[in-house]
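A.B. asks: Here it is, the structure in full.
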Amino acid sequence: SVFPNVWRHGDWVLIHGDTGGITFLGRSDFTLKPSGVRIGPAEIYNVVERFKEIADSMIVGQDWKGDQRIILFVKLAQGFQLTEDLKNKIRNALREEASPRHVPALIMEAPDIPYTFNMKKVESSVTNLLNGRPVTNRDALVNPESLGFYERVLLELQKE
């Protein structure tokens, strides 16, 4: 619907005029920019997902007061709770193993993390929801019902 009769994939590409070949540069939805500093979500996932308490996670950016704040959603492993102690352990690990810029403004528990049928996390859909934009790729998700949680989170965050 964005480009009639043209496939839209969401990656950044370079089309070579001399050969017609395409170089895939990476996902367009994978960069956070709090205070203008570029952060790849993998830098955060590599630290957070080593915690035995965390079964899965998702990091997104929300436009906030003229900047972008990082929000970390964690799906907890069975038997664990998201306590202030665990949040502080996560913040300290990110500060020490990555940088202070990698520390999320908010850490929230999520019941599920949305994935595509190719088992890729769908940060773009959650980012869109948390920034008041529509999600246009629900059919591409294995678990589209998981987005209901993030829609409710937006309502809570708007009360701040």
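A.B. asks: Please find, within the stretch 53-80, the residue that is farthest from Tyr150 (Cα to Cα) out of those that are modelled with pLDDT under 95 and outside any strand (DSSP E or B).
C.D. replies: Among them, the one singled out is Gly66.
A.B. asks: Scanning the stretch 125-160 for residues that are acidic (Asp, Glu) and closer than 13 Å to Gln62 by Cβ, which turns out surrounded by the most Cβ atoms within 10 Å (Cβ to Cβ)? Spell out the reasoning first.
C.D. replies: Just the residues of the stretch 125-160 that are acidic (Asp, Glu), to begin with: 139, 145, 151, 156, 160.
Applying the additional criterion that residues be closer than 13 Å to Gln62 by Cβ yields 156, 160.
Working: Glu156: 9, Glu160: 6.
Here the answer is Glu156.
A.B. asks: Separate question: Would you say Gly132 is without any contact (Cβ under 8 Å) to a residue 40 or more places away in the chain, farther than 25 Å from Glu43 by Cα and part of a loop (DSSP other than H, G, I, E, B)? Outline the logic, then answer.
C.D. replies: Details: without any contact (Cβ under 8 Å) to a residue 40 or more places away in the chain: yes; farther than 25 Å from Glu43 by Cα: yes; part of a loop (DSSP other than H, G, I, E, B): yes.
Considered against the rule, which asks whether it is without any contact (Cβ under 8 Å) to a residue 40 or more places away in the chain, farther than 25 Å from Glu43 by Cα and part of a loop (DSSP other than H, G, I, E, B), Gly132 comes out as yes.
For every residue, the table says whether it meets (1) open to solvent by less than 40 Å² (accessible area, probe 1.4 Å); (2) free of Cβ contacts under 8 Å to residues at least 60 places away in the same chain.
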{"site": "Leu76", "(1), (2)": "yes, yes"}
{"site": "Gln81", "(1), (2)": "no, yes"}
{"site": "Lys89", "(1), (2)": "no, yes"}
{"site": "Ala93", "(1), (2)": "yes, yes"}
{"site": "Val103", "(1), (2)": "yes, yes"}
{"site": "Ile107", "(1), (2)": "yes, yes"}
{"site": "Asn118", "(1), (2)": "no, yes"}
{"site": "Glu123", "(1), (2)": "yes, no"}
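A.B. asks: I need a count of the residues in the stretch 52-71 that are open to solvent by 30 Å² or more (accessible area, probe 1.4 Å) and in contact (Cβ under 8 Å) with a residue 40 or more places away in the chain. Don't jump to the end; show me each part of the working.
C.D. replies: Going through the stretch 52-71, the residues open to solvent by 30 Å² or more (accessible area, probe 1.4 Å) turn out to be 52, 55, 63-68.
Filter once more, keeping what is in contact (Cβ under 8 Å) with a residue 40 or more places away in the chain: 63-64.
Result for the stretch 52-71: 2.
The values are calculated or read from the model by the stated rules, or taken from the named source; none is laboratory data. Everything quoted here is computed from the prediction, not taken from an experiment. Cβ atoms come from the backbone with ideal geometry, glycine included; neighbour counts cover every protein chain shown. When the accessible area is computed, the model is the full protein with side chains, heavy atoms only, and any ligands, DNA or RNA have been set aside. Shrake-Rupley method; radii C 1.70, N 1.55, O 1.52, S 1.80 Å.
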